[in-house]
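Novice: Quick one: structure below, then a few questions.
The values are calculated or read from the model by the stated rules, or taken from the named source; none is laboratory data. All values reported here derive from a predicted model rather than from experimental measurement. Glycine gets a Cβ as well: all are built from the backbone with ideal geometry, and neighbour counts include every protein chain shown. SASA here: full protein model, heavy atoms, side chains in, ligands and nucleic acids out. Shrake-Rupley method; radii C 1.70, N 1.55, O 1.52, S 1.80 Å.
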Amino acid sequence: MVQPFAGFTGRDAPAESDLYRCVHCGLCLSSCPTYVETALEMESPRGRLALMKAVNEGRVEITPRIVSHWEACLQCRACEAVCPSGVPYGRIMERTRSQVRAAGLQSRELKRFSRFFLNSALPNPRRLRMGANLIRLYQRLGIQKLVRLSHLLYLLPGGIGKLESQLPPLSKRFFGPSDAVHPAQGAKKMTVALLSGCVMPLMQGPTMEATVRVLTRNGCDVMVPQGQGCCGALNTHAGDLENARAMARTNIDSLMGAGVERIITSSAGCGSSMKEYAELLKDDPEHRNKAIRFSGMTQDVTEFLVGLPFQVPTATVNRRITFQDPCHLAHAQRITAAPRTILNSIPGVELVEMENSSLCCGGAGIYSSVQPALSQRLLKRKMDSITATDTQEVITANPGCMLQVEMGFKSQGTNGRVRHVVDILDEAYGLE
Amino acid sequence: MDFKRFLKDLQGIVGAENVVYHSDDLLVFEYDGSVDRGMPEAVVFPNSTQEVSRVIALSHKAGVPVVGRGTGTGLSGGAIAPPGGIQVAFPRMNHILEVDTENRLALVEPGVINLNLDTHVRKFGLRYAPDPSSQKACSLGGNIAENAGGPHCLAYGTTTNHVLGMEVVLEDGAVVNLGSLARETVGYDLRGVFTGSEGTFGIATKIAVRLLPVPEAVRTFLGIFPDVETACTAVSTVIEHGIVPAALEMIDALTIQAVQKVTDAGYPDDAGAVLLIELEGLQDEVDEIGDEVEAALWETGASQVRTAEAAAEREQLWVGRKGALGALGGIAPNYFLVDGVVPRTQLAPVLGRVADVSRKYNIPIANVFHAGDGNLHPCLLFDERQPGALDRIVEAGTEVLQICVDAGGTLTGEHGVGLEKKEQMPLVFSEDDMAAMVLVRDAFAPDNSMNPGKIFPDGKKHTPHAHPPAHGMPA
Ligand SMILES: Cc1cc2nc3c(=O)[nH]c(=O)nc-3n(C[C@H](O)[C@H](O)[C@H](O)COP(=O)(O)OP(=O)(O)OC[C@H]3O[C@@H](n4cnc5c(N)ncnc54)[C@H](O)[C@@H]3O)c2cc1C
Ligand code: SF4
Ligand code: SF4
């Protein structure tokens with residue numbers, strides 16, 4: 001075949017053995033949020049893969065138009081979960097994005113976002129924290145200029161740069177790593193290391209604290225070791241694999257300390273990314289084997305608790321709730337039962353399932369900032385499903401989903417609330 | 001023809017946002033579920049019958065051939081655009097217009113997804129019976145064009161047994177109704193002729209389908225067998241008992257391996273074949289016949305038999321079957337599926353001869369098929385990027401079809417002739433037969449501008465590489 005164009009190049013090119021697993025059967029179409037929303041083949045998994053194949057075969061070059069279809073992808077991996085052929089869509093898209101990035105063909109929004117946030121703030125926990133302190137100051141004092149200065153608006157979902165008034169409040173107390181060991185209550189079962197993460201300790205400090213309480217309550221010594229940083233998921237998704245690898249190495253070296261038996265996270269996105277460190281570092285001679293062990297030790301907090309098993313709370317929490325499956329829990333990690341097992345175990349809790357609970361809410365990491373229009377349409381769809389359950393409380397298991405659905409409630413003008421599975425479990429324990 | 005002008009006119013009819021013509025975007029409209037390729041000049045997404053009619057009338061005047069596109073899951077290249085042609089696709093016409101529970105029928109637009117219709121009517125205790133394994137993705141428009149079948153068509157018949165009538169736009173833009181909502185048609189059964197016409201007669205814009213009550217009880221059996229021959233004996237034994245299962249499907253060893261690589265469908269690694277049998281009916285019936293089926297499976301040499309009645313567990317037993325074709329992607333990048341049909345009694349010997357073809361060409365062949373009605377699906381596995389691979393596959397595929405025909409069977413059970421099998425038509429039909437068929441088509445589409453180049457042999461070798469669009473231009 002004539003190959004007028006160069007195709008994908010370099011070591012981070014999508015693997016042909018991954019790409020050509022797709023037999024274009026179309027069975028993924030109905031699970032893809034962007035296809036459901038647009039009904040356009042270009043915005044479907046099969047279409048995006050076909051464009052990658054065309055580029056790979058040198059039939060077309062990477063054009064801004066093709067990039068726009070790839071960037072409209074949420075990387076929610078719903079397609080991957082339903083694909084009968086086992087197409088590893090997530091990593092194919094990450095590598096495709098790294099190609100786009102290397103060629104300098106990202107959209108303006110993504111470039112702008114990358115410059116500050118992905119390249120500078122995330123790989124650098126201190127800088128991120130400083131920025132967050134500024135924002136908190138702003139929220140206390142209302143000094144708008146500071147926010148613009150800090151660029152931290154990009155942290156927030158939904159094109160919020162334009163909606164400063166809706167800025168979600170940062171936590172009163174930031175959570176963070178320390179030298180302290182949070183000791184197990186009662187007989188000690190295990191020592192675990194907890195990922196503190198990037199945004200979550202700043203925006204959802206109380207949830208992080210609840211995670212520690214729930215774990216200690218269930219017989220775990222909990223460490224939140226110093227030196228750890230962001231998991232690198234957002235960088236990986238944006239195709240910034242180099243920074244992501246550096247971040248992965250940092251976390252492997254800091255979290256896998258002596259005596260640690262599991263690495264726990266209460267962020268589904270981080271869990272999915274850490275479980276894939278093995279893949280990310282497979283060509284790294286020094287960290288390859290450690291990464292395999294690290295990924296094997298990583299568990300989402302809900303998965304871990306159910307496996308322990310956790311202590312079923314005895315106090316009653318009389319509440320109707322609904323559960324939103326985070327994409328990176330349901331699709332990337334294929335965990336859907338564990339959070340429900342925990343919720344259903346709490347006396348008095350009535351779980352009302354919403355329709356299409358695992359269809360992405362449009363949060364999707366930085367997606368809400370760089371693709372505000374489609375993100376808002378998906379949020380609207382999600383809020384409609386939530387409203388139909390007639391519940392006031394949405395439980396989920398990922399910081400991004402929490403922020404996005406909170407945004408949804410705000411823009412609806414209703415006062416529903418959004419919490420993490422561990423928040424409500426912690427509440428139940430607290431009432432005992 | 002001034003193509004720019006033509007595009008403008010199309011946009012004028014359906015709105016600029018509903019015409020795709022940029023060459024980058026057209027890349028995702030060059031394929032369907034088959035191995036065929038071909039880029040349309042443009043793709044149009046109409047919103048109504050009127051728009052379809054105007055688009056087709058305009059194209060007819062401009063001499064541009066038109067092909068309907070459902071969701072592109074077809075396995076014979078039916079939706080592949082002919083050179084210079086445009087596709088009319090139905091993602092915007094995807095509404096269930098009416099469900100009449102009393103008369104058990106539904107009126108839908110052609111873009112409705114098969115499973116969505118079934119899920120919707122189940123709320124009323126009804127079902128839409130034809131269930132292609134692609135039902136999660138394929139459209140009803142595509143289903144009637146291909147007269148789609150599915151596992152449960154063994155007991156209930158294929159699509160044509162469930163379609164009451166349709167509104168059709170003919171090649172000059174005229175809108176006609178075929179069939180009727182009453183169950184008996186007076187005069188020629190044009191509805192029946194249209195079903196299975198592979199988009200060559202016209203475009204269906206509304207479809208009336210029959211619904212059935214959801215059965216009281218359903219039970220699924222999974223039998224594991226040491227080899228395909230034994231499984232074939234089991235099929236015959238079940239049928240000889242006078243049992244008509246709702247579904248009777250077989251999966252062979254190679255497919256089992258492929259499936260197990262992707263999902264744990266619960267098949268043992270060393271299984272030679274798996275049979276899936278489903279019974280439906282009144283509880284007593286299902287209980288009684290169920291015992292017979294189970295006994296028959298053990299008798300004929302099953303090494304394991306599992307049964308399920310609860311929906312979730314039955315679903316689990318079906319997982320492997322429904323995902324089987326896709327799973328083949330884990331073994332080879334492409335499959336060429338031969339949709340041959342043979343008399344049920346010939347299953348075992350024919351599969352033996354298919355295995356000979358596999359050895360002769362050194363091409364792996366996976367089998368997953370509707371055993372109950374003798375509808376084989378040998379899948380020839382290959383990599384289209386290897387030079388000459390496709391030619392060899394087509395040659396081997398033709399040999400497989402010849403085997404089916406020699407055994408008293410035919411070319412296609414449910415996927416249609418399309419591009420893929422047109423050159424094999426003479427294996428079963430004489431020149432006169434085909435000339436008669438063309439006369440029928442001419443009654444609907446005298447200028448042959450609807451999906452031309454399909455079904456009938458034209459000596460053009462099956463060379464499914466993409467042709468670049470002649471008029472593609474930047475948006
Ligand atoms: C994994 C997999 C499993 C499958 N299993 C089965 C199975 O069990 N049984 C089975 O029968 N098939 C099966 N198929 C084949 C395919 O799904 C069916 O042929 C289906 O009917 C095609 O529907 P579609 O909407 O994808 O149509 P397309 O592929 O888009 O088009 C098919 C044909 O329909 C025509 N068409 C589409 N819409 C209209 C319209 N409104 N009016 C007139 N013509 C129209 C097109 O022009 C084309 O000729 C399978 C396919 C795959 C990929
Ligand atoms: S990604 Fe998987 S489900 Fe989607 S078209 Fe490709 S093979 Fe089929
Ligand atoms: S990752 Fe999500 S948005 Fe992207 S193609 Fe897959 S299902 Fe669609």
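Novice: Can you find even one residue in the stretch B:216-224 that is farther than 29 Å from B:GLU285 by Cβ and polar (S, T, N, Q)?
Specialist: No, because not a single residue in the stretch B:216-224 is farther than 29 Å from B:GLU285 by Cβ and polar (S, T, N, Q).
Novice: For the stretch B:233-348, give me every one of the helices (runs of 4 or more DSSP H) that falls completely inside it and has 2 or more residues that are touching a His at 6+ places or on another chain (Cβ under 8 Å) and modelled with pLDDT of 90 or more.
Specialist: Numbers: elements: B:253-262, B:283-299, B:311-322, B:324-327.
The helices (runs of 4 or more DSSP H) meeting that bar are B:283-299.
Novice: Could you tell me whether any residue of the stretch A:15-35 is over 21 Å from the mean Cα position of the chain (by Cα), more than 11 Å from chain B (Cβ to nearest Cβ) and hydrophobic (A, V, I, L, M, F, W, C)?
Specialist: yes
Novice: Which pairs turn up if I take residues in the stretch B:125-138 that are not assigned by TED's automatic domain parsing to the domain that holds B:GLU414 and look for partners that are within 16 Å of ligand 3 (Cβ to nearest atom) and open to solvent by 10 Å² or more (accessible area, probe 1.4 Å) with beta carbon separation below 6 Å, at least 6 apart in sequence or on another chain?
Specialist: B:LYS136/A:LEU27; B:LYS136/A:SER30; B:ALA137/A:LEU27; B:ALA137/B:THR71; B:CYS138/B:THR71
Novice: Could you check the stretch A:56-102 and list, in sequence order, the residues that are within 10 Å of chain B (Cβ to nearest Cβ), open to solvent by 30 Å² or more (accessible area, probe 1.4 Å) and within 11 Å of ligand 3 (Cβ to nearest atom)?
Specialist: Residue satisfying the conditions is A:VAL82 alone.
Novice: Here is a follow-up. Within the stretch A:1-52, can you find the residues that are assigned to a loop (DSSP other than H, G, I, E, B), touching an Asp or Glu at 6+ places or on another chain (Cβ under 9 Å) and near ligand 2 (Cβ under 9 Å from one of its atoms)?
Specialist: A:HIS24, A:GLY26, A:CYS28, A:CYS32
Novice: Can you name every residue in the stretch A:17-55 that is within 16 Å of ligand 1 (Cβ to nearest atom), of a type in the set (D, E, K, R) and surrounded by fewer than 24 Cβ atoms within 10 Å (Cβ to Cβ)?
Specialist: none
Novice: Any chance you could count how many residues in the stretch B:1-31 are buried (at least 22 other Cβ atoms within 10 Å of the Cβ) and out of contact with any helix residue (DSSP H, G or I) (no Cβ under 9 Å at 6 or more places or on another chain)?
Specialist: The total comes to 1.
Novice: Look at the stretch B:306-340 and say how many of its residues are away from chain A (no Cβ under 12 Å) and buried (at least 23 other Cβ atoms within 10 Å of the Cβ).
Specialist: Summing the residues that are away from chain A (no Cβ under 12 Å) and buried (at least 23 other Cβ atoms within 10 Å of the Cβ) in the stretch B:306-340 gives 3.
Matching residues to (1) within 23 Å of the chain's Cα centre (by Cα); (2) surrounded by fewer than 23 Cβ atoms within 10 Å (Cβ to Cβ):
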residue: B:LEU347; (1), (2): yes, no
residue: B:ARG353; (1), (2): no, yes
residue: B:ARG359; (1), (2): no, yes
residue: B:HIS370; (1), (2): yes, no
residue: B:GLU384; (1), (2): yes, yes
residue: B:ASP391; (1), (2): no, yes
residue: B:THR412; (1), (2): yes, no
residue: B:VAL428; (1), (2): yes, yes
residue: B:VAL440; (1), (2): yes, yes
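One line per residue, one yes/no per condition, for (1) away from chain A (no Cβ under 14 Å); (2) buried (at least 23 other Cβ atoms within 10 Å of the Cβ); (3) of a type in the set (Ser, Thr, Tyr):
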| position | (1), (2), (3) |
| --- | --- |
| B:LEU58 | yes, no, no |
| B:GLY74 | no, yes, no |
| B:LEU97 | yes, no, no |
| B:VAL108 | yes, yes, no |
| B:PHE124 | yes, no, no |
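Novice: Within the stretch B:112-122, restricting attention to residues that are open to solvent by 10 Å² or more (accessible area, probe 1.4 Å) and in contact (Cβ under 8 Å) with a residue 24 or more places away in the chain, which residue is farthest from the other protein chains (Cβ to nearest Cβ)?
Specialist: Among those residues, the one meeting the criterion is B:ARG122.
Novice: Tell me yes or no: at least one residue of the stretch B:82-91 is within 16 Å of ligand 3 (Cβ to nearest atom) and open to solvent by 30 Å² or more (accessible area, probe 1.4 Å). Outline the logic, then answer.
Specialist: Kept after step one, since they are within 16 Å of ligand 3 (Cβ to nearest atom), are these residues of the stretch B:82-91: B:91.
From what is left, the residues that are open to solvent by 30 Å² or more (accessible area, probe 1.4 Å) are none.
Checked the stretch B:82-91: no residue is within 16 Å of ligand 3 (Cβ to nearest atom) and open to solvent by 30 Å² or more (accessible area, probe 1.4 Å).
Novice: Quick check: anything in the stretch A:343-352 within 29 Å of A:TYR429 (Cα to Cα) and of a type in the set (D, E, K, R)?
Specialist: yes
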